[in-house]
Amino acid sequence: MRRVFAGAGVMAVVLAGAVLAGSGLRVVAAQDAANKPAFYTEKVRPLLQTNCGKCHFDMNRKGGLSLQTKATTMKGGRSGVAIVPGDPANSLLVKLIRHEGPPEDPKPMPSKAPKMSDEDIATIEQWVKAGAVMPDDPAPAQ
C-alpha cells in the first residue's frame, strides 16, 4: 500500500510539472531559490551586468550608484536607496527597469537601450522580494 502512495506522489509531481510546462510557467528548481547567493550570482548579476553594467559597474557610477558589490548596491546612489530587500514595489531599481519611475525621476532604465524582457524583470523582482541576497564580494566579471 505504501508503494502505491509513493508512486502516486511521484506521478502527481510529474503531472504538475507537465501542466506548468504546458501553461508557459517555469518550474523553479530547488537550486533556483531566490534567497540564496547563487541565485544572484547565476541569474541576477548577469542581467545587471548586461543591462546596467555600462553605467553602474566597475568605475562607472552614474547617479552615484555602483552595483559592483553588496555594500555599494545596498548603499544606493544620489537618488537614495535603489533596493529595498523584500519589497520590490518600493525599490527604485525595480521601478526604473519596469519603466515606472517615480514622477520626480521618471527616467527608465536602461536609459539608452530597449526595456528589459518581462522574464528578466521578473527574475530581478523575485530576487528583491526574497531579500536581495547576494555575496559580499561577487566574483569579478568574466
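Projecting label points 7 angstrom from Cα along Cα→Cβ for Ala122 and Arg78 puts them 3.6 nm apart.
Gain on full extension, evaluated as 0.36 nm per residue between Thr69 and Asn90 minus their Cα-Cα distance, stands at 5.5 nm. Multiplying the residue separation of Glu100 and Lys36 by 0.36 nm and subtracting their alpha-carbon distance yields 20.3 nm.
None of the figures in this text is laboratory data; all of them are computed from the coordinates on show. All values reported here derive from a predicted model rather than from experimental measurement. Glycine gets a Cβ as well: all are built from the backbone with ideal geometry, and neighbour counts include every protein chain shown.
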